[in-house]
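Structure record follows, encoded as structure tokens.
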Amino acid sequence: MKKVCVIGYPAKHSLSPVIHNYWLEKYNIEGSYEIREIEPDKFDDFFLNLHKEGYVGCNVTLPFKEKAFELSDPFSFTEKVIGAVNTIIIEDGRYVGHNTDAYGFIKNIEKSSKEFDFKKGAAVVLGAGGAARAVINSLLFKDVPEIILLNRTIEKAENIRNDLHVNIHKNQEFILERLKIIPWEERNEALAEAKLLVNTTSLGMVGQPELDINIDKLPKDALVTDIVYRPLETKLLNQARERGNPVVDGLGMLLYQAVPGFELWFKEENVEVTPELRKKVEAML
Ligand code: ATR
């Protein structure tokens, strides 16, 4: 029986077991997916011995995503730019680290908004944390013509550009020209040409301050999405929906980021995010 776990601290409220146990049952697979809450000073030891305990892989959540990146082989360029991984595949004692947030972000938009075309116009990205790195990386490779990046601490936005620069192939340097960094104070005006607005900050999440933004200048056909999914409809999404913008909530990103891990651990193809699964997870929020 294949064993997988999610490692975090705290981890008790992780929604990942609901998702993976749903698929284990749906696809009739003998396997297990459990929560392992590990104190930070015990992480390295626990992580590096997973294969000895019979695990075929794991998910890694806060605060261990960067640590897991350091302790595993990055799967691709994406992981190097993000500098963090959330999914580990163990094969013959080798740990390969994937970051599936970028995949989850794009899939969520593609599945929720079939007619959306990434190539059609600029994307405005709010925030420059780990989630923003995944979002920016995936947008660049979806051929978004321009990304306007805003963050309260502008140095963190510049760090993302530098990390892209270091990791990018020489023949891909043109994509850096598409990343434009502007001050956080200019966020209301920055929306005027956008076809996509993404909040990757923690603002608007239950227990956090609201995101203070005026979206009057945003074109009415621009898609608005938030990676925050508690609450499911953030104030940003609510304002956007009320003025007629198409909106995509953040829960889908959580659901789709789980797909690649499940497929690789359990050798299952075409794993689906069904309405039934979404309902189950929504009930836990
Ligand atoms: P994650 O890795 O989940 O993206 P993070 O690295 O803590 O989390 O990033 C949180 C993001 O929310 C950052 O972009 C942060 O801005 P700073 O880089 O300036 O810290 C943003 N954020 C958090 N609180 C904020 C606030 N009160 N105003 C503006 N931005 C805020």
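Scanning region 48-83 for residues that are farther than 23 Å from residue 18 by Cβ, open to solvent by less than 40 Å² (accessible area, probe 1.4 Å) and of a type in the set (A, V, I, L, M, F, W, C) yields 81, 82.
Please go through region 47-59 and pick out each residue that is touching an Asp or Glu at 6+ places or on another chain (Cβ under 9 Å) and not small (Gly, Ala, Ser).
We begin by selecting, within region 47-59, every residue touching an Asp or Glu at 6+ places or on another chain (Cβ under 9 Å); these are 51, 56-57.
51, 56 - these are the residues of region 47-59 that are touching an Asp or Glu at 6+ places or on another chain (Cβ under 9 Å) and not small (Gly, Ala, Ser).
Scanning region 257-279 for residues that are open to solvent by 30 Å² or more (accessible area, probe 1.4 Å) and either in contact with a helix residue (DSSP H, G or I) (Cβ under 6 Å, 6 or more places away or on another chain) or of a type in the set (A, V, I, L, M, F, W, C) (or both) yields 264, 273. Report yes if residue 270 is part of a loop (DSSP other than H, G, I, E, B) and on the phi > 0 side of the Ramachandran plot, otherwise no. In short, yes. Of note, residue 241 does not satisfy the criterion of being surrounded by fewer than 18 Cβ atoms within 10 Å (Cβ to Cβ) and touching a helix residue (DSSP H, G or I) at 6+ places or on another chain (Cβ under 7 Å). When restricted to residues that are assigned to a helix (DSSP H, G or I) and either within 15 Å of the ligand (Cβ to nearest atom) or in contact (Cβ under 8 Å) with a residue 12 or more places away in the chain (or both), region 58-79 contains 8.
Out of the residues in region 185-199 meeting the condition of being in a helix (DSSP H, G or I) and buried (at least 17 other Cβ atoms within 10 Å of the Cβ), tell me which one is nearest to the ligand (Cβ to nearest atom).
From region 185-199, those in a helix (DSSP H, G or I) are 185-186, 189-193; that's our starting set.
Subset that is buried (at least 17 other Cβ atoms within 10 Å of the Cβ): 190-191.
Details: 190: 14, 191: 16 Å.
Among them, the one singled out is 190.
Residue count for region 95-132 under the criterion of being β-branched (Val, Ile, Thr), within 16 Å of the ligand (Cβ to nearest atom) and not in a loop (DSSP other than H, G, I, E, B): the result is 2.
Name the single residue, out of those in region 1-30 being among the polar types (S, T, N, Q) and out of contact with any helix residue (DSSP H, G or I) (no Cβ under 7 Å at 6 or more places or on another chain), that is surrounded by the fewest Cβ atoms within 10 Å (Cβ to Cβ).
Of region 1-30, the ones among the polar types (S, T, N, Q) are 14, 16, 21, 28.
Now drop any that are not out of contact with any helix residue (DSSP H, G or I) (no Cβ under 7 Å at 6 or more places or on another chain), which leaves 14, 21, 28.
Numbers: 14: 19, 21: 15, 28: 7.
Taking the candidates together, the pick is 28.
Among the residues of region 200-238, the one identified as outside any loop (DSSP other than H, G, I, E, B), open to solvent by 30 Å² or more (accessible area, probe 1.4 Å) and either touching a strand residue (DSSP E or B) at 6+ places or on another chain (Cβ under 8 Å) or away from the ligand (no atom under 16 Å from the Cβ) (or both) is 238.
One residue stands out among those in region 133-163 that are of a type in the set (S, T, N, Q) and part of a helix (DSSP H, G or I): the one that is nearest to the ligand (Cβ to nearest atom), which is 159. Counting the residues of region 159-182 that are within 19 Å of residue 122 (Cα to Cα) and open to solvent by 80 Å² or more (accessible area, probe 1.4 Å) gives 3. Whenever a residue of region 211-228 is assigned by TED's automatic domain parsing to the domain that holds residue 200 and in contact (Cβ under 8 Å) with a residue 60 or more places away in the chain, its partners that are aromatic (Phe, Trp, Tyr) and away from the ligand (no atom under 16 Å from the Cβ), lying with C-beta atoms within less than 6 angstrom and at least six residues away or across chains, give the pairs 223/116.
The values are calculated or read from the model by the stated rules, or taken from the named source; none is laboratory data. Quantities reported herein were computed from a predicted structural model and do not represent experimental measurements. All Cβ positions, glycine included, derive from the backbone under ideal geometry; neighbour counts span all protein chains shown. To get the accessible areas, we keep the full protein, side chains included, count just its heavy atoms, and leave off ligands, DNA and RNA. Shrake-Rupley method; radii C 1.70, N 1.55, O 1.52, S 1.80 Å.
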